[in-house]
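Report on the following structure.
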Amino acid sequence: MDKEHGRLERMRGELVEAAARKKTFLHRDVLLLSQSLDLLIVKAQAEKIRRLKGTNATGG
């Protein structure tokens, strides 16, 4: 999870830097970074839910 968190934080930083460089969140490069970050977040959330369900199913 720490590796995933680090990756998410790096990508978030890239998004903020790109938006600052382009001076807009509507530039194509910024939107692509944002969409990629969204997909990683959804993937991380799904993995977390999967792990929690696995923990609950085993009682621990």
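The values are calculated or read from the model by the stated rules, or taken from the named source; none is laboratory data. No experiment lies behind these values; they were computed from the predicted model shown. Because the Cβ atoms are built from the backbone with ideal geometry, glycine has one as well, and the counts that use them run over all protein chains shown. Side chains included, ligands, DNA and RNA excluded: accessible areas come from the protein's heavy atoms. Shrake-Rupley method; radii C 1.70, N 1.55, O 1.52, S 1.80 Å.
With charges set only on the Cβ (+1 for Lys and Arg, -1 for Asp and Glu), what does the dipole of the chain come to about its Cα centre, in debye to the nearest 20?
Details: 13 positive and 8 negative charges, 17 e Å.
The dipole magnitude comes to about 80 debye.
So which of Lys3/Lys48; Lys23/Lys48; Lys22/Lys48 end up more than 24 Å apart by C-alpha?
Working: Lys3/Lys48 14 Å; Lys23/Lys48 34 Å; Lys22/Lys48 34 Å.
Cα-Cα > 24 Å for Lys23/Lys48; Lys22/Lys48; rest within.
Can you compute 3J(HN,Hα) from phi for each residue in region 21-26, using the Karplus curve 6.51 cos²θ - 1.76 cosθ + 1.60 with θ = phi - 60°, rounded to whole Hz and x for Gly and Pro?
Working through the residues one at a time gives 5, 7, 6, 6, 8, 9 Hz.
For the chain, what % of the accessible area comes from carbon and sulfur atoms, probe 1.4 Å? Mind dumping the intermediate values first?
Details: 2890 of 5020 Å².
Reported share for carbon and sulfur atoms: 58 percent.
Return the calculated 222 nm mean residue ellipticity for the chain, to the nearest 500 deg cm²/dmol, obtained by summing -39500 (n - 2.57) across DSSP H runs with n ≥ 4 and dividing by the residue count.
Numbers: 2 runs with 52 residues, N = 60.
Counting only the DSSP helices, I get -31000 deg cm²/dmol.
Points 7 angstrom from Cα along the Cβ direction at Ala20 and Leu8: gap in nanometres?
For the pair Ala20/Leu8, the computed spacing is 2.2 nm.
What angle do you read, to the nearest 10 degrees and between 0 and 90, between the alpha-carbon axis of helix 28-58 and the longest principal axis of the chain?
10
Once you list every other residue whose beta carbon is under 14 Å from the beta carbon of Asp29, what net charge do they have if Lys and Arg are +1 and Asp and Glu are -1?
Values: positive: Arg21, Lys22, Lys23, Arg28; negative: Glu14, Glu17.
With Lys, Arg at +1 and Asp, Glu at -1, the neighbours total +2.
Dividing the Cα convex hull volume of the chain by residue count, how many Å³ per residue is that? Intermediate values should be presented prior to the final figure.
On the way: hull volume 3.8 nm³, N = 60.
Convex hull of Cα atoms, per residue: 63 Å³.
Taking only protein heavy atoms and a 1.4 Å probe, what accessible area per residue, in Å², does the chain have with all protein chains in place? Provide the component values of the computation, followed by the final result.
Working: 5020 Å² over 60 residues.
Normalised by residue count, the accessible surface of the chain is 84 Å².
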